[in-house]
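A short write-up of the structure that comes next.
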Amino acid sequence: MNKFICSIIVGFFKKSENIILAVITLLLLIILGCLFFLADKIGANAFTIFTAIVCSIIASIVILVIYNLIDKKKETIIDIYNKFGLTNLYEKKTDAVDDFNKALKKCKQRIWAIGITNKAFIKQQKNSFNSLVENNGSIDIKIVFWDDCSKILKNNEVNKSIIDVQLALENQLSISCFNDIREQNLYTDIISTLKEINNEIKEEYKKNIELGFITSPSNFSCLIIDDNIFFYPFLSTGESNLTPMISCDAKGIIGKSILEHYEYLFKSKPYYRNYKLNTISENLKNYENCSNWQ
């Protein structure tokens, strides 16, 4: 915080007009001091008038300086936003829905939806996929789930799905070992979402929809629409949809790192396996347990 205040003050005095204001203020303070020493010689009335004038000028300068400092603070915040490519901050994920929708309507290049089950996203956006593909057959649509078949093994204890471990964290369950983490069976939710997508997308567009399953130790929800990136980490603070969300530009420092992270994962077979919707739509019931995945 001290560095932030110092940066504002230093930035303030970088402008020549602000240096002039500081010099004028110093001179007026010297004049005001001289007036006090010369009060007896110049008379009470003259002293009062001169003092009032000098104090008014100083007060005006102080107000001007305060406004300049406020403007400088705003400039500093804007500079931070621009430097890191931040476009918005949301108190919770649901606050960003309107911005999702606006970005989707203008989408021309890609839609990458990365989440645990993507249930909320699919319910909100499933009707728009057909029109998006119809208007732009080259659009890259990826709907990516956490891979429930990926397990965490600790100290030779029973292994647990990465989804179950995350849900235990979100609910802040009191656990002494992995045996305390109960099976949530969210894989059935993923299968349900797959079926919902399959029912909603027209047959001729299913080849344009990629379904992915990702395994990564650094997991966060991410929606990438062209160069608009909306993301938040999965934390141990209850319902993930209520976690604060950040949006940024894919060309900025933060957005570029996130985009490169997923581009790398999507090319890495140990972390990612993917299927076109038209290749699994006829066999969805065969994928209802991990042993059926190729």
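The values are calculated or read from the model by the stated rules, or taken from the named source; none is laboratory data. Only a predicted model underlies this, so the values are computations on that prediction, with no experimental measurement involved. Here the Cβ positions follow ideal geometry from the backbone for every residue, glycine too, while neighbour counts run over all protein chains shown. The area values use the complete protein model at the heavy-atom level, side chains included, leaving out ligands, DNA and RNA. Shrake-Rupley method; radii C 1.70, N 1.55, O 1.52, S 1.80 Å.
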Accessible heavy-atom area order of T188, T193, highest first, probe of 1.4 Å: T188, T193
Sequence of K269, K276, K102, K126 when ordered by accessible area, the most exposed leading, probe 1.4 angstrom: K269, K102, K276, K126
14 Å cut-off, amide nitrogen to a point 7 angstrom out along N274 Cα→Cβ, residues in the range 196-219: 207-215
Ranked order, Y271, Y81, Y264 - accessible area, probe 1.4 Å, largest first: Y264, Y271, Y81
